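Worksheet: one structure, shown below.
The values are calculated or read from the model by the stated rules, or taken from the named source; none is laboratory data. Remember, it's a predicted structure, so these values are computed and weren't measured experimentally. All Cβ positions, even for glycine, are placed from backbone atoms using ideal geometry, and neighbour counts span all protein chains on display.
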């Protein structure tokens, strides 16, 4: 439904109210659906009426404002409603999936991730026009009607104009080009309109309709309203229009909506509403970078197109007067001069769309308004991209783009408070070479009168490159064949090449010769810490090998460009084969890694290139020489020392231990090998299978976040009593549950995910038995489902079990029945139940058990042999596919594969949960290997393995999945504060941030979020600050977990999604600062957000003032701002530590204890005063 709407509306923001109108209409006439046609067809017939009404309103509005472009779109949409020509938009998702990986990634960056065009261009390593050309071509490939075309070479200026148009930021410089293109060729108008249509549909397809959307939409439909201030679709006039795919004999006209069902006017609500209970699809013009640009300039497109259409109309009129040709038959559209609402409903047998025609009078069109003389000067800095990593020592060309050059004396360029240069003439460019470090660049336009206008600052980090500029290329000629595996048979390989040369990038000369072998190799030195992806492209065949140091001993094959029937890939064709791309590989900046590409050429075209994607998303394909160095002679046999860090000591990432969570002997029986129990295939298929209509244990309620909570005295506690003690009833201690104080009301959204709720209830032993008296209740969708009756201390426990099938909301209520004192009520062993009917641990979609009689090589013992001589085998046509149920979280997966027949008798491609492995080929007879690991983060409790046959039948002998376990945190040295903090025992480190590298997006030296899974009960922070010639100051704070998501406990940048202003329980402080109270200090307050904030104590936190302290008011829950990460001692009314304004880099606010003025260090700008500054973040896993 969303795609069908998107294929007809003029903008993405129009979809939300239309969706709501459709569902309101459908709910009023649902009884008219008789099941004789697919529900989707009936629903779209319902949608036609509100959609036609909306388009009529759009036509009227566009006529009023002379927006000819929107008139054209609305007219085309009304015609499409009559003939169903846009119904094929439903193919768009399939078209998107069929795109090459690079094209799909480009569209994902544009529409799913909503990145700015500048940032996408920087990451792709291309300029703006090239990016616009690629986006226009990508959208053309997605056009479900095939109307849009890739831009021709002669239209190189058109794609940038289209991108500015779609982004709502078309500028003055594009006006003339726009008019020129539209006048020159009317086909350009059609292409531009089609690009707009596909653009809206892509926005829709990259925003899938989720359970959350369905829930909110249903609630809005029941309430009968949308977000206050947005369009509300009233009861529509029914105009039954049948899409081409819908047969008339099956369509039933929905009856009109009853009067009482019509929604109220915009801005009013007939039911409960909140900011969460709304769907609000913003237009692209509401994206942050576009909104700022739209404030500066309005689009002239309507006026340009208006003028062009007038000119075209005059030309057409002249042509019609001088020609006797019969005009083409117009579409089957009835043109009316009255609004659609005043027309009678057409007959069902002759569905029509009623269209109000746009005015064609020349006098109704207005010329383009002139620029106002009083418009303020505007300055934008281009040439750099925010959050990117330009290379130190490499020239940057900075340019200031001005809204007017009149009266400008010069444009200056600044890095923070330091001027780096200036330009005195247009186009105001200046070439500058940065040094390594954080940059904050801006342009300042200075007029002849001395007035200064400054652009918005752009923050980025210049990084060092370490390569000397080349790799070594060795070759051997006169060698037949096209496969790399034959290289080892070559005399003199690899130590005695026939020739040697240097190449200045990771690519060999193209079409160099015939029947030769080459080795391109040397050292790779990365510029950034983090995960890299590698690609290799070659003709005929090539392999890419990488070591984890600068020696050959640890080299591993990471990617293969195989021989396609008769040839390899094309030049720079990076995504033809799955094996061309490596898995993610973590590398360290400044460290040397031995890398080599082995290439074999037989005849015809020949080439080999290697590219990579850096941790910040930038692509360099091929890899340039600034990251490469040729090898010495001889190559070292021992690793060179790791380069010393340039800042404070980095905590080395702890080496996790790996625990086996799944091991399956595919095709065989249960066997234990080296302490690992491999479950037989039949046992795995039965393991975990549950009968239908049963209740199976689900999550503990205390591990599921509530949606709303009201609790007397203080917040309800998870897995603790109201006073923070173990949950205890009649002397029995319970590990899991909720501790409340009457009156209490805890709310959970269900939405069909759980089948039942069960718990034991009672008064906690910590209460005063003479006063405590409560009633426990369970409410479902506003109706009481269970009541405990009055309970007192000594009443023991009562069991509650209520079914939840079909329910949407659960409320756990505790009411006071007596004086209201000491009403400490516990819900213990509270648990949600899952519905039964689950499949087993192993689910085979394609394949069958098989056995083979052979002797594995290398030789193995009898138990291992039993693993390798049975398999799950596919077919030569359908391949092999199976899924294994696993725990969610980080995992690594291994597969056992073997060649049980003749050498290379089977070849197949392997894919593990979306990760492509190098093709399985070239294995010797009776050979076997343990393939992996494949690193995954599982979110749906399932890992799927697919094998696509190339030759023979694919087979897999074993499946092994391991989960990482982070070791307990250990001190770095005897002087590390962790060595003297007793509370640190039992914690595991998640983050380490070097605060000297603070930026808008905080880079972490250690990020273990991918290696941690499971629940945690406590969160801790260790902040260390040291000024020159002064001792180190440090503070440790630990508190009860305030979130269940480990990704939200770091610095609360906007992209992290973290936003917390709340009290935290059981705050513990340890510090060497004598001014801080230490030990268990009780409740604390955290203020973690990325927004601006003020001192007004709107939350009413006791003791807070309207100064900047521990009761501040955040400006909003969205958008980047000043930023606050503060922990406060509520009892002492004191700031414990603070990190603010991290986007300022070295000028961030940092402090331990209260600031000299007694506040929270806001606006201190003191970060530069510390020679050591770091933050470490920890969690304590749940028992």
* Do we have any residue at all in the range 621-642 that's under 31 Å from the mean Cα position of the chain (by Cα), farther than 30 Å from residue 561 by Cα, surrounded by fewer than 20 Cβ atoms within 10 Å (Cβ to Cβ) and modelled with pLDDT under 90? -> no
* Structure fact -> Selection from the range 394-419 of residues in contact with a helix residue (DSSP H, G or I) (Cβ under 9 Å, 6 or more places away or on another chain) and either over 18 Å from residue 453 (Cα atoms) or in a strand (DSSP E or B) (or both) yields 394
* Test each condition in (1) without any contact (Cβ under 8 Å) to a residue 60 or more places away in the chain; (2) crowded, with 19+ Cβ neighbours inside 10 Å for residue 435 and report the one that comes out false. => (2)
* Would you check which residues across the range 904-936 are under 24 Å from residue 1014 (Cα atoms) and modelled with pLDDT under 85 and list them? => none
* Of the numbered conditions (1) outside the structural domain of residue 725 (by TED's automatic domain parsing); (2) within 30 Å of residue 888 (Cα to Cα); (3) buried (at least 16 other Cβ atoms within 10 Å of the Cβ), residue 800 fails exactly one; give the number of that condition. => (1)
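Name the single residue that is surrounded by the most Cβ atoms within 10 Å (Cβ to Cβ) among those in the range 1142-1170 being touching a helix residue (DSSP H, G or I) at 6+ places or on another chain (Cβ under 6 Å) and part of a helix (DSSP H, G or I).
Just the residues of the range 1142-1170 that are touching a helix residue (DSSP H, G or I) at 6+ places or on another chain (Cβ under 6 Å), to begin with: 1146-1148, 1150, 1165, 1167-1168.
Then keep just the ones that are part of a helix (DSSP H, G or I); that gives 1146-1147, 1167-1168.
Numbers: 1146: 21, 1147: 19, 1167: 23, 1168: 14.
By that ranking, first place goes to 1167.
In the set 1064, 1069, 1019, which member is within 27 Å of the chain's Cα centre (by Cα), not assigned by TED's automatic domain parsing to the domain that holds residue 936 and not in a loop (DSSP other than H, G, I, E, B)? Please lay out each step first, then the result.
Numbers: 1064 fails: within 27 Å of the chain's Cα centre (by Cα); 1069 fails: within 27 Å of the chain's Cα centre (by Cα).
Of 1064, 1069, 1019, the one residue that is within 27 Å of the chain's Cα centre (by Cα), not assigned by TED's automatic domain parsing to the domain that holds residue 936 and not in a loop (DSSP other than H, G, I, E, B) is 1019.
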* Asked: Name the residues in the range 754-768 that are assigned to a loop (DSSP other than H, G, I, E, B) and either surrounded by fewer than 23 Cβ atoms within 10 Å (Cβ to Cβ) or touching a helix residue (DSSP H, G or I) at 6+ places or on another chain (Cβ under 8 Å) (or both), would you?
  -> 755, 765, 766, 768
* To do: Of the conditions (1) buried (at least 21 other Cβ atoms within 10 Å of the Cβ); (2) touching a helix residue (DSSP H, G or I) at 6+ places or on another chain (Cβ under 7 Å); (3) not in a loop (DSSP other than H, G, I, E, B), residue 1002 clears all except one; give me its number.
  => (3)
* Every residue from the range 721-736 that is part of a loop (DSSP other than H, G, I, E, B), free of Cβ contacts under 8 Å to residues at least 60 places away in the same chain and farther than 16 Å from residue 795 by Cβ -> 725, 726
* What do you reckon, is residue 789 surrounded by fewer than 20 Cβ atoms within 10 Å (Cβ to Cβ), modelled with pLDDT under 85 and not assigned by TED's automatic domain parsing to the domain that holds residue 940? -> no
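Answer yes or no as to whether residue 776 is within 13 Å of residue 817 (Cα to Cα), under 45 Å from the mean Cα position of the chain (by Cα) and assigned by TED's automatic domain parsing to the domain that holds residue 709. Working first, answer last.
Working: within 13 Å of residue 817 (Cα to Cα): yes; under 45 Å from the mean Cα position of the chain (by Cα): yes; assigned by TED's automatic domain parsing to the domain that holds residue 709: yes.
Spelling it out, residue 776 is indeed within 13 Å of residue 817 (Cα to Cα), under 45 Å from the mean Cα position of the chain (by Cα) and assigned by TED's automatic domain parsing to the domain that holds residue 709.
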* To do: Just give me the residues in the range 435-454 being modelled with pLDDT under 90 and either in a loop (DSSP other than H, G, I, E, B) or closer than 16 Å to residue 397 by Cβ (or both), in sequence order.
  => 435, 436, 439, 448, 449, 450, 451
* Structure fact -> Going through the range 33-48 in order, the residues found to be touching a residue at least 24 places away in the same chain (Cβ under 8 Å) and in a helix (DSSP H, G or I) are 40, 41, 42, 43, 44, 45, 46, 47, 48
* To do: Evaluate the following for residue 785: is it free of Cβ contacts under 8 Å to residues at least 24 places away in the same chain and in a loop (DSSP other than H, G, I, E, B)?
  => no
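Which of the strands (runs of 3 or more DSSP E) found entirely inside the range 495-573 contain at least 2 residues meeting this: in contact with a strand residue (DSSP E or B) (Cβ under 9 Å, 6 or more places away or on another chain) and surrounded by 19 or more Cβ atoms within 10 Å (Cβ to Cβ)?
Values: elements: 499-503, 516-524, 530-539, 541-546, 556-561.
In the range 495-573, 516-524, 530-539, 541-546, 556-561 are the strands (runs of 3 or more DSSP E) which contain 2 or more residues that are in contact with a strand residue (DSSP E or B) (Cβ under 9 Å, 6 or more places away or on another chain) and surrounded by 19 or more Cβ atoms within 10 Å (Cβ to Cβ).
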* **Extreme residue, nearest to residue 574 (Cα to Cα), among residues of the range 898-922 that are surrounded by fewer than 19 Cβ atoms within 10 Å (Cβ to Cβ) and free of Cβ contacts under 8 Å to residues at least 60 places away in the same chain** => 914
* Asked: Are there any pairs with C-beta distances below 6 angstrom linking a residue in the range 1073-1086 that is at positive phi to a residue that is surrounded by 12 or more Cβ atoms within 10 Å (Cβ to Cβ), with the two at least 6 apart or on different chains, and if so which?
  -> 1082/1131
* Among the candidates 721, 744, 702, single out the residue that is closer than 20 Å to residue 1018 by Cβ, surrounded by 16 or more Cβ atoms within 10 Å (Cβ to Cβ), at pLDDT 90 or above and more than 36 Å from the chain's Cα centre (by Cα). => 721
* Asked: Any chance the range 834-847 includes a residue that's in a helix (DSSP H, G or I), touching a strand residue (DSSP E or B) at 6+ places or on another chain (Cβ under 8 Å) and farther than 30 Å from residue 698 by Cβ?
  -> no
* To do: State whether one or more residues within the range 914-926 are part of a loop (DSSP other than H, G, I, E, B), in contact with a strand residue (DSSP E or B) (Cβ under 7 Å, 6 or more places away or on another chain) and on the phi > 0 side of the Ramachandran plot.
  => yes
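Taking the options 420, 397, name whichever one is within 25 Å of residue 128 (Cβ to Cβ), touching a strand residue (DSSP E or B) at 6+ places or on another chain (Cβ under 8 Å) and modelled with pLDDT under 90.
Details: 420 fails: modelled with pLDDT under 90.
One residue alone meets the criteria, 397.
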* **Matching residues in the range 803-814 - criterion: being part of a strand (DSSP E or B) and crowded, with 18+ Cβ neighbours inside 10 Å** => 810, 811, 812, 813, 814
